[in-house]
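A short worksheet on the structure shown next.
The values are calculated or read from the model by the stated rules, or taken from the named source; none is laboratory data. The shown structure was predicted, so the numbers you read here are calculated from the model rather than taken from an experiment. So basically every Cβ, Gly included, is an ideal-geometry build from the backbone, and we count neighbours across all protein chains shown. Only protein heavy atoms, including side chains, enter the accessible area calculation; ligands, DNA and RNA are left aside. Shrake-Rupley method; radii C 1.70, N 1.55, O 1.52, S 1.80 Å.
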Amino acid sequence: MNNQQTRQWTVDKLEDNLINNQAIKEAAQILKKGEVIAFPTETVYGLGANAYDESAIAKIFAAKGRPSDNPLIVHIAKREQMLPFIEGISEKAEQLINAFWPGPLTLIFKQKGEIASNVTAGLDTIAVRMPDHPVAAALLLTSDLPLAAPSANLSGRPSPTTAGHVMLDLNKRIAGVVDGGSTGVGLESTVLDVSTEEPILYRPGGVTKEQIEEVIGPIAVDPALKKAEEAPRSPGMKYTHYSPNGEVYLIRACEDIQKHVDKWQAKGKRVGILTTEENRERYTADVIVSSGSRANLSTVASHLYDSLRQFDKEKAEIIFAEVFPEEGIGMAIMNRLEKAASGRYL
Ligand code: TXA
Ligand code: MG
């Protein structure tokens, strides 16, 4: 597993006829042989393997250092690919599929037990999504496999939005990476349970709660998303996530940030600020990173993980971060920031 050569291919996602691309064919062949390959999706890079092959799936958990009780999302390119392993599609699920697939919405269905049991960590449900990315689609179609794929980072690290991030975490731990450029959305898919009568939001992501509610009406939210003491319904949400090496603190009032910075710099710490275009000129610190503009929060989502990794590159020991309104994509941004900060507010 360790110390294997990690192959790298570069693919132009805008190229016509990607299913005939030589790199895609080679990567698909390696997937068929039971190896793991990282590939771009519209959200973050995924680390894929044949969802029917238990030993291939075991390699994903080993490469990431992922706890085995944390189930994976199965990726498909055509709806028919999920029919052999899901129990049925409710009317609401049908409406959501029509509205948002392909796209950053993962749906949880009851399952038949056909997929390798380590994909679902023994649960009787299965998470499925159809990514909206030409390279992911070409790989799924060429391999003709449903691919189980978590984000292609070491467990606990920020999810990768470039092939470079994948290599920093997983070089020599996986068979290959298909480099299709930077991902777009930048945060993971929304995870919604449609296996029960009333859909429940487990993880906010690329498709917003508001967008979902426009299609199927009001939805429930897993209480664990708001209260850290509740056990989350989605196993992965309980782990520390998305953390840079420095300690992150969230600060509600921007005007307080500078005094925290000054205090810690006086103690000899290397201090960072995670800010926005609108506010970056207000501060002085050792490392200042703007993730995007408050006027367009999707720019913040798109650069958030790269911004968190930037603090590691520049060796920030303490990072103070601005917060965002929890509306639209802001809900997913704040969910990831709270995890990066282990819930610490100042
Ligand atoms: O955007 C994405 O979703 C990316 C790209 C690669 O597709 N993938 C991703 O996978 O974020 P991962 O493994 O990092 O997150 C999957 C989440 C975890 O929180 C996991 O616990 C949850 O989905 N999940 C998977 N199957 C589940 C199930 N049957 N019931 C509840 N939660 C489930
Ligand atoms: Mg992940």
A student asked for the Cα radius of gyration and Dmax of segment 247-340 in angstrom ought to give 12.4, 39
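Quick one: ranking 242, 52, 249 by accessible area, 1.4 Å probe, largest first, what do you get?
52, 249, 242
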May I ask for the angle, rounded to the nearest 10°, between helix 22-32 and the longest principal axis of the chain, with both axes built from Cα atoms and the value confined to 0 to 90°?
-> 70 degrees
Take 168, 192 and sort them by solvent-accessible surface of the protein heavy atoms, 1.4 Å probe, largest at the top.
-> 168, 192
Which of rounded, prolate, oblate describes segment 1-116, given a ≥ b ≥ c as roots of the alpha-carbon gyration tensor eigenvalues and a/c under 1.5 marking rounded, otherwise prolate only if a/b is larger than b/c?
-> oblate
How many nm separate the modelled label positions at residue 215 and residue 231, each set 7 Å beyond the Cα in the direction of the Cβ?
-> 3.1 nm
Once fully extended, how much extra length lies between residue 168 and residue 326, figured as 0.36 nm per residue of separation less the alpha-carbon to alpha-carbon distance?
-> 53.8 nm
Could you state how much accessible area residue 241 has, in square angstrom rounded to the nearest 10, with a 1.4 Å probe and all protein chains kept in place?
-> 40 Å²
So how much accessible area does residue 278 have, in Å² to the nearest 10, using a 1.4 Å probe?
-> 90 Å²
Could you pull out the GluC sites (Glu not before Pro) across segment 1-78 that fall in loop regions by DSSP (anything but H, G, I, E, B) with no more than 15 other Cβ atoms inside 10 Å?
-> 15
For the chain, what is the charge dipole size about the Cα centre, in debye to the nearest 20, if Lys and Arg each add +1 at the Cβ and Asp and Glu each add -1 at the Cβ?
-> 1160 debye
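If packing is taken as the average number of other Cβ atoms within 10 Å across a peptide's residues, how do 144-154, 101-111 rank, most packed first? Walk me through the intermediate numbers first.
Values: 144-154: 24.5, 101-111: 21.8.
Descending mean neighbour count gives 144-154, 101-111.
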Loop-resident sites, segment 134-228, for trypsin sites (Lys or Arg not before Pro), counting at most 12 other Cβ within 10 Å (DSSP) = 172, 226, 227
The simple spin-label model distance between residue 197 and residue 54, using points 7 Å out along Cα→Cβ, in nm, is 3.6 nm
Over 23 Å between C-alpha atoms is what I'm after, so list which of 64/172; 112/226; 59/339; 64/110; 112/172 land there.
-> 112/226; 59/339; 64/110; 112/172
In degrees rounded to 10, the 0-90 angle between helix 91-100 Cα long axis and the longest Cα principal axis of the chain is 70 degrees
Convex hull around the C-alpha positions of the chain: the volume in Å³ per residue is 131 Å³
Count neighbours as other Cβ atoms within 10 Å of each site's Cβ, and list the GluC sites (Glu not before Pro) in segment 152-243 that are DSSP loop with at most 13 such neighbours.
-> 197, 229, 230
Any idea which of 76, 145, 65 is furthest toward the positive side of the dipole for segment 1-154, if Lys and Arg beta-carbons carry +1 and Asp and Glu beta-carbons -1?
-> 65
Divide by every residue of the chain the summed helix terms, -39500 (n - 2.57) for each DSSP H run of at least 4, and state the resulting mean residue ellipticity at 222 nm, rounded to the nearest 500 deg cm²/dmol.
-> -8500 deg cm²/dmol
Signed unit charges on C-beta, dipole axis of the chain, positive-most listed residue 168, 220, 235 = 168
For residue 307, tell me the accessible area in Å² from a 1.4 Å probe, rounded to the nearest 10.
-> 10 Å²
With no solvent and one point per C-alpha, what does the Debye sum give as log10 I(q)/I(0) for segment 177-228 at q = 0.18, 0.22, 0.25, 0.28 Å⁻¹?
-> -0.65, -0.84, -0.99, -1.15
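Can you sort 55, 234, 155 by solvent-accessible area, 1.4 Å probe, largest first?
55, 155, 234
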List the residues of segment 83-104 whose backbone N lies under 20 Å from a point placed 7 Å from the Cα of residue 112 along the Cα-to-Cβ direction.
-> 83-91, 93-94
